[in-house]
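Below are the structure tokens for one structure; questions will follow.
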Amino acid sequence: MGKLNVAMLRYLTREDFRVLTAIEMGMKNHELVPATLAASIANLHHGGVHKILKELCKHRLLSYERGKHYDGYRLTNTGYDYLALKTLTSRQLISSFGNQIGVGKESNIYVVADPEDKPICLKLHRLGRTCFRNLKEKRDYHAHRHKAGWLYLSRISATKEYAYMEALSKRDFPVPKPIDINRHCVLMELVNGHPLSRLYEVDNVENLYDDLMNLIVRFAQHGVIHGDFNEFNIMINDEEKPIVIDFPQMVSVTHANAEMYFDRDVKCIRAFFKKRFNYESHLYPIFEDIVREEFLDVEVSASGFTKNMDQFLLHELGMVDSIEEGSGEESDFYENEKDEVEHLAERVAELMKEESSEVLGNSTVPPAKEMSDNAKSE
Ligand code: ADP
Ligand code: MG
């Protein structure tokens, strides 16, 4: 597993960034963004934009594609990563980039360093691109309603994860402390430990089992179910205590299939302990016995991560069968192309302003570099 390709962060100019952002904005409503549209959104001269677009393609931040009706540009994964990392870097949260430490089903995980050179964790969410579940259905769905499927999905996945991590860590659940989020990238505390999947010997198997079952219960008392509570999403530290990660698939205890997901989480732990440690207990939680005491699910959906967004995401993750009409749509609607261009141009200008004020706010800090070999974690 390699390093994040971040060399470009240093070389791209402000205008490159502006054009890249314009394509991102254009993709809200267009599968492919024609050069002319990009130029008007970026508010730059035509000739200049062409050159920049070509350059961005060469660096694989954009791709040029032929569509059915017209040709245009599309942001690549790398391009989207670039935009988010550029923003997080200019907020001065990342001082250097290190190695990839994990590849999940729906993400890439890297170690980066904070301004004090402390290693922290960067999770890049990647949804809707490599998953072939419901492909036909999804293709139709995206074709009609969501031109920017993977951009949007990855972003709401990160948004949900961040919102849950905030709510959970506020209540002292053992989860990584969230640091910041931009687009599809979440910065969080680096867990000091190893996935349960790599634990072969344990000092007190009964304690660990109890800790995990108690966590499932405590989640549910707060109104939520993890939904993917397995040995890869549970980290174990030196004190043999669990730290839970990976939250995009969390569901409320009011979900139609809540009991099924709750039982599945419980069963997962029971099966693992039996297989790995030959440990079986007749004690395990039952959904019906749970008394709800808090409304973490409600709090999160009130915090900007709406129910509609969640529906769209859970459908992608296979946690709900169908999406209600009107779910998951972004609210950007335009009367005509002129409105759209004006609106998007404004958004680009705002993003550019954020970026430059952050950079100018403390110009003594050099741009993030790659971590030196002795500073990176294994
Ligand atoms: P996915 O949703 O793709 O499964 P995860 O959040 O489960 O992504 O992360 C994948 C892997 O990366 C984990 O199994 C773990 O090994 C590692 N990882 C994720 N978050 C952290 C963290 N905060 N600290 C240390 N390792 C982590
Ligand atoms: Mg995982």
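Considering the zone a paramagnetic label at Glu65 would reach in this model (a point 7 Å from Cα along the Cα-to-Cβ line), which residues of segment 112-129 have amide N under 18 Å from it?
Output list for this probe position: 126-129.
Could you look at segment 1-130 and say what percent of its accessible area is carbon and sulfur, using a 1.4 Å probe and all protein chains?
50
Given +1 on the Cβ of Lys and Arg, -1 on the Cβ of Asp and Glu, and no further charges, what dipole in debye does segment 223-269 carry about its Cα centre, rounded to the nearest 20?
Value, rounded to 20: 200 debye.
Something else: Classify segment 1-101 as rounded, prolate or oblate, taking a ≥ b ≥ c as the square roots of the eigenvalues of its Cα gyration tensor: rounded when a/c is under 1.5, otherwise prolate if a/b is larger than b/c and oblate if not.
prolate
What does the convex hull of the Cα atoms come to per residue for segment 152-248, in Å³?
Convex hull of Cα atoms, per residue: 95 Å³.
Under a straight-distance cross-link criterion of Cα-Cα below 16 Å, which aspartates and glutamates are reachable from Lys177, leaving out those fewer than 8 residues away in the same chain?
Asp114, Glu161, Glu166, Glu189, Asp246
Can you pick out the pairs among Lys51/Lys105; Lys54/Lys118; Lys86/Lys160; Lys51/Lys118 whose Cα atoms lie more than 30 Å from each other?
Beyond 30 Å between Cα atoms: Lys51/Lys105; Lys54/Lys118; Lys51/Lys118.
Averaged per residue, what accessible surface does segment 177-219 expose to a 1.4 Å probe, in Å²?
49
Same structure, new question: Ratio of alpha-carbon Rg to the 2.2 N^0.38 Å globular estimate for segment 194-336, to two decimals, please.
1.20
Ranking request for peptides 44-54, 81-91, 151-161: highest mean number of other beta-carbon atoms within 10 Å first, then the rest in descending order.
Packing proxy ranking, top to bottom: 151-161, 81-91, 44-54.
Shape of segment 1-49 from its Cα gyration tensor (a ≥ b ≥ c, root eigenvalues): rounded if a/c is under 1.5, otherwise prolate when a/b > b/c, or oblate?
oblate
Rank-order 229-239, 280-290 by packing density, defined as the average count of other C-beta atoms within 10 Å over each peptide's residues, highest first.
229-239, 280-290
In square angstrom, what is the accessible area per residue of segment 29-84 with a 1.4 angstrom probe?
53
Where a ≥ b ≥ c are the square roots of the eigenvalues of the C-alpha gyration tensor, would you call segment 35-87 rounded, which needs a/c under 1.5, or, failing that, prolate if a/b is larger than b/c, or oblate?
Oblate, since a/c reaches 1.5 and b/c is not below a/b.
The values are calculated or read from the model by the stated rules, or taken from the named source; none is laboratory data. None of the values given here were measured: they were computed from a predicted structure. Every residue, glycine as well, gets a Cβ built from its backbone with ideal geometry; the counts of neighbours run over all protein chains shown. Surface areas here come from the heavy atoms of the whole protein model, side chains and all, with no ligands, DNA or RNA. Shrake-Rupley method; radii C 1.70, N 1.55, O 1.52, S 1.80 Å.
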